[in-house]
1. Which of the residues that make up region 111-128 are closer than 16 Å to A84 by Cα, assigned to a loop (DSSP other than H, G, I, E, B), of a type in the set (G, A, S) and under 16 Å from the mean Cα position of the chain (by Cα)?
2. Filter region 102-122 for residues that are over 14 Å from V56 (Cβ atoms) and either exposed (fewer than 14 other Cβ atoms within 10 Å of the Cβ) or of a type in the set (K, R) (or both) and give the result.
3. For region 39-58, state whether one or more residues are under 26 Å from A129 (Cβ atoms), assigned to a helix (DSSP H, G or I) and at pLDDT 90 or above.
4. Quick one: is Y77 without any contact (Cβ under 8 Å) to a residue 60 or more places away in the chain, exposed (fewer than 12 other Cβ atoms within 10 Å of the Cβ) and among the aromatic types (F, W, Y)?
5. Can you name every residue in region 83-110 that is over 13 Å from the mean Cα position of the chain (by Cα) and not β-branched (V, I, T)?
6. Looking at region 58-70, I want the residues that are under 27 Å from V88 (Cβ atoms) and have a partner that is among the aromatic types (F, W, Y) and surrounded by 13 or more Cβ atoms within 10 Å (Cβ to Cβ) with Cβ atoms under 9 Å, at least 6 apart or on another chain. Which pairs are those?
7. Go through (1) under 13 Å from the mean Cα position of the chain (by Cα); (2) over 25 Å from G127 (Cα atoms); (3) surrounded by 15 or more Cβ atoms within 10 Å (Cβ to Cβ) and name the single condition A42 misses.
8. Scan (1) surrounded by 12 or more Cβ atoms within 10 Å (Cβ to Cβ); (2) part of a strand (DSSP E or B) for the single condition P90 breaks and write down its number.
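The values are calculated or read from the model by the stated rules, or taken from the named source; none is laboratory data. What you are looking at is a predicted structure, and each value in this text was computed from that prediction instead of being measured. Note that we place each Cβ from the backbone using ideal geometry, even for glycine, and neighbour counts take in every protein chain shown. Protein only, heavy atoms only, side chains kept; ligands, DNA and RNA dropped before computing areas. Shrake-Rupley method; radii C 1.70, N 1.55, O 1.52, S 1.80 Å.
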Amino acid sequence: MDISPHAIALGEANLALNHAQYPHCVHEHVKADAFVYLEEAASRARSNPNELYDVVITDPPSMARRKSDKGGALRAYQRLANVAVELVKPGGRLVCASCTAHVTKDEMVAAVEMGVGGRGTVVEVTGEAEDHPALF
């Protein structure tokens with residue numbers, strides 16, 4: 001799910017490349033605003049457990065292009081975790097990623113923990129690979 005038609009097209013192309021190896025992969029490409037889409041999905045899931053997932057991954061684009069955007073980005077990550085956790089089956093996993101150079105790992109973890117509000121436990125915190133370009 002992405003709001004960008006370009007991102008949707010890339011996802012469809014990637015799926016097509018991998019379809020032979022994973023022919024039974026269940027997928028759906030959705031063009032939507034993440035916050036709106038997830039809030040609607042969470043609302044449905046409250047009354048229908050079949051709307052829950054084993055794994056939910058949130059990986060939004062950078063939400064703080066400037067240092068002055070950091071507070072808003074942290075609130076957005078918290079809000080995203082808050083609604084995404086409602087879509088995770090008991091015993092499932094919520095994976096939250098950030099591509100925001102102005103937000104540290106500790107700040108991201110704190111935002112996710114506040115968003116999850118005790119409905120989960122941090123299992124692992126990772127970072128970018130050594131070959132990932134990072135500009136600070």
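1. Once the filter is applied, which keeps residues that are closer than 16 Å to A84 by Cα, assigned to a loop (DSSP other than H, G, I, E, B), of a type in the set (G, A, S) and under 16 Å from the mean Cα position of the chain (by Cα), region 111-128 yields only G120.
2. T104, K105, D106, G117, G118, T121, V122
3. For region 39-58, residues under 26 Å from A129 (Cβ atoms), assigned to a helix (DSSP H, G or I) and at pLDDT 90 or above: absent.
4. Considered against the rule, which asks whether it is without any contact (Cβ under 8 Å) to a residue 60 or more places away in the chain, exposed (fewer than 12 other Cβ atoms within 10 Å of the Cβ) and among the aromatic types (F, W, Y), Y77 comes out as no.
5. Correct list: K89, P90, G91, G92, A101, H102, K105, D106, E107, A110.
6. Filtered contacts from region 58-70: T58/Y77; P60/Y77; M63/Y77.
7. (1) is the only condition that A42 fails.
8. (1)
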